[in-house]
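Report on the following structure.
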Amino acid sequence: MKQMVAEKGLADKFEIASAATEGYNEMAHEALDYRAADMLKQMKVPFTQHYSRQIRKSDYDKFDYILAMDDNNVRDILDIVGEDKDHKVHRLLDFTKNPRPVKDPWYTGNFDEAYWDIYEGCQAFLDSLN
């Protein structure tokens with residue numbers, strides 16, 4: 001998403017952050033999965049090594065949109081932030097012509113499919129803002 005926004009010359013209009021719905025990686029200080037890093041390198045997407053953090057209730061007030069990968073993520077986000085009174089929480093691929101969940105590559109092992117789904121969702125989300 002950061003690369004797409006930068007390529008459109010809109011980087012100064014967005015604050016983009018990533019947060020998990022579980023606290024495991026934050027507690028264990030786990031870094032980006034090497035398979036995800038390999039996919040990003042292959043696609044020439046710049047990234048920095050970082051450690052995930054769990055979404056916080058305060059994120060709901062801070063951000064205009066909270067994009068989730070699947071229905072379980074949506075439920076977990078709502079458990080943390082509470083009622084979605086401002087309709088900020090969405091599945092990423094709901095902005096596409098083929099709404100569906102992003103299949104978690106941690107379980108499927110298919111980082112290619114996840115990459116292309118996320119790419120499609122990010123493009124569709126940005127298009128929806130125009």
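The values are calculated or read from the model by the stated rules, or taken from the named source; none is laboratory data. Bear in mind the structure is a predicted one, so any value in this text is a computation, not a measurement. Heads up, the Cβs are rebuilt from the backbone with ideal geometry, glycines too, and the neighbour counts pull from every protein chain shown.
Answer with yes or no whether A36 is at pLDDT 85 or above, under 20 Å from L126 (Cβ atoms) and out of contact with any Leu (no Cβ under 7 Å at 6 or more places or on another chain). No.
Segment 25-108 holds helices (runs of 4 or more DSSP H) entirely within its bounds, and those carrying 2 or more residues that are under 19 Å from F14 (Cβ atoms) map to 57-62. Candidates in segment 35-49 are the residues that are touching a residue at least 24 places away in the same chain (Cβ under 8 Å) and loosely packed, with under 13 Cβ neighbours inside 10 Å; of these, the one that is farthest from I16 (Cα to Cα) is D38.
Touching a residue at least 24 places away in the same chain (Cβ under 8 Å) and not charged (D, E, K, R): does that describe Q3? Judged against the criteria, Q3 is a match.
Within the set N110, N72, N98, the sole residue that is farther than 28 Å from Y34 by Cα and either out of contact with any strand residue (DSSP E or B) (no Cβ under 9 Å at 6 or more places or on another chain) or modelled with pLDDT under 95 (or both) turns out to be N98.
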